[in-house]
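The values are calculated or read from the model by the stated rules, or taken from the named source; none is laboratory data. Worth saying up front: this structure is predicted, and the values here are computed from it rather than measured. No Cβ is skipped: glycine too gets one built from the backbone with ideal geometry, and neighbour counts run over all protein chains shown. To get the accessible areas, we keep the full protein, side chains included, count just its heavy atoms, and leave off ligands, DNA and RNA. Shrake-Rupley method; radii C 1.70, N 1.55, O 1.52, S 1.80 Å.
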Amino acid sequence: MTGEMIDDGLLRELGSGPRDGRGKPGILLAIDTNALRLVCVDLSRPYVMTGAVMDLRARIVERRERVLDDGDRVDLDDVLSLVGQMVQLAGPGLAGIGVAVPGVISGSGTVISSAHLGWSNVELRDLLEEEFSLPSCVNNDANATLLADRFLGHGSSSCLLVQIARGVGASVLLNDEFVAGDDHAAGEIGHVVIDSDGPICACGKRGCLETYVSAVALRDRIRKDPHRRTETLTEAGTRLGNALAMPTSLLNLRDIVVYGPPDVAGETLLDACRETVNALSRNDYQSGGIRVRRCELGDDAALRGQAISVLHEIVGRR
């Protein structure tokens, strides 16, 4: 495998290393981050598709955006067109392609369901590999963001990420392994009812977590009553902490990261969530409290995490 990675440009030789005892010295190796490129596309943000050419350290070399007239709805041909544009920009050193999608994604890269995009059972990975003849990876956007936080941010090997956006989603990493669930839908917490007498949700139920904590819901409440902004965000943080106390205790997690726009996912919400989840899950055998922190990787977190996913895919096929 090492020889193949050198031949493909993933590794380069640095020369001879120190010799211990008899025999010839070993060869020092390093990842050549500039030799190859990756193409990644993020479909998780409303009104825009973002494409990027990236190096092997998940740094953006080139980026392009396409504005969506229909807000969320994305035509599959437009996605393939954007990928094709980025492939041309990447040039001959392209090693693989990745797409981050909001929704339920199978292990084989099929988009089982994406309500925001209007997709169902789209075999996206197969389409990408057939079109471009390159290793491809399709991943849930929250998983991609958590992967970025793990390797490029402050994440730990066991962590729960909550993504606050149009809806509320989550991703769980246990000992550096993602929890997928029987239907590949682990982390779909937005439509769990936390108050049966709460407001009607778009899904038809009452009092879903999304109706209290999504960026859309919070901005709407703040717009209607701006003087209660602190109280609104404190209440949202408290409700989120209540919702997370059970899974953090069940899985013995000590690291929660919140990813969302800074106007809602700021210290007021985080402080309330932290205080609540620690108060509800504290026990005698717990070694320290649960930290609740903000993901600080910005709008490109899903893109950068997807680049890491593509690298895992390439290496995993060796």
Tilt relative to the chain, helix 229-251 - C-alpha long axis, 0 to 90 degrees, to 10: 60
Added length on full extension, which subtracts the Cα-Cα distance from 0.36 nm per residue, V216 to A202: 3.8 nm
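Would you mind telling me the share, in percent, of accessible area of the chain contributed by carbon and sulfur at probe 1.4 angstrom?
Its accessible area is 48 percent carbon and sulfur atoms.
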Stretch gain in nm, segment S287-D183, where the contour uses 0.36 nm per residue and the Cα spacing is subtracted: 34.1 nm
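So what are the range 152-256's ellipsoid semi-axes, whole angstrom, largest first, if each one is the square root of 5 times an eigenvalue of the alpha-carbon gyration tensor?
Values: eigenvalues 135, 53, 28 Å².
The answer is 26, 16, 12 Å, longest axis first.
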Additional length obtainable on full extension of the chain from D176 to E131, 0.36 nm per residue less Cα span: 13.0 nm
Placed amide H near G260: partners under 5 Å, 5+ positions off or other chain: I164, C295
Label-to-label distance, nm, for residues given as F151 and R73 (7 Å Cα→Cβ offset): 3.6
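Is there a quick way to get the dipole size of the chain? I mean about its Cα centre, with the Cβ of Lys and Arg at +1 and of Asp and Glu at -1; what is the value in debye to the nearest 20? Don't skip to the end; give the middle numbers.
Values: 33 positive and 45 negative charges, 196 e Å.
So the magnitude is around 940 debye.
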Lys/Arg +1, Asp/Glu -1 at C-beta; the chain dipole; positive extreme among G98, G237, A35: G237
For C208, residues with placed amide H under 5 Å, excluding near neighbours: I194, C201
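Based on the alpha-carbon gyration tensor of the chain, what equivalent-ellipsoid semi-axes (square roots of 5 times the eigenvalues) come out, in whole Å, largest first?
Working through the eigenvalues yields semi-axes of 37, 26, 16 Å.
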With all protein chains modelled, accessible area of F151 [1.4 Å, Å²]: 110
Estimated vicinal HN-Hα couplings, Hz - the range 92-101 in sequence order (Karplus 6.51, -1.76, 1.60; Gly, Pro = x): x, x, 7, 9, x, 10, x, 9, 9, 10
Angle in degrees between helix 141-152 and the longest Cα principal axis of the chain, rounded to the nearest 10: 60
Karplus-derived HN-Hα couplings along the range 175-184 (A = 6.51, B = -1.76, C = 1.60, θ = phi - 60°), whole Hz, x at Gly and Pro: 6, 6, 10, 6, 8, 9, x, 4, 10, 6
Long-range amide H partners of W119 with built H, under 5 Å: S114
Over the chain: helical MRE at 222 nm, DSSP H runs n ≥ 4 each giving -39500 (n - 2.57), nearest 500: -11000 deg cm²/dmol
Per-residue SASA entry for I290, accessible area with 1.4 Å probe, Å² rounded to 10: 10
Largest-first ordering by accessible area, 1.4 Å probe, given options I60, I97: I60, I97
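Solvent-accessible area per residue for the chain at a 1.4 Å probe radius, Å²? Numbers along the way, then the final one.
On the way: 15600 Å² over 318 residues.
Ligands and nucleic acids excluded, the result is 49 Å² per residue.
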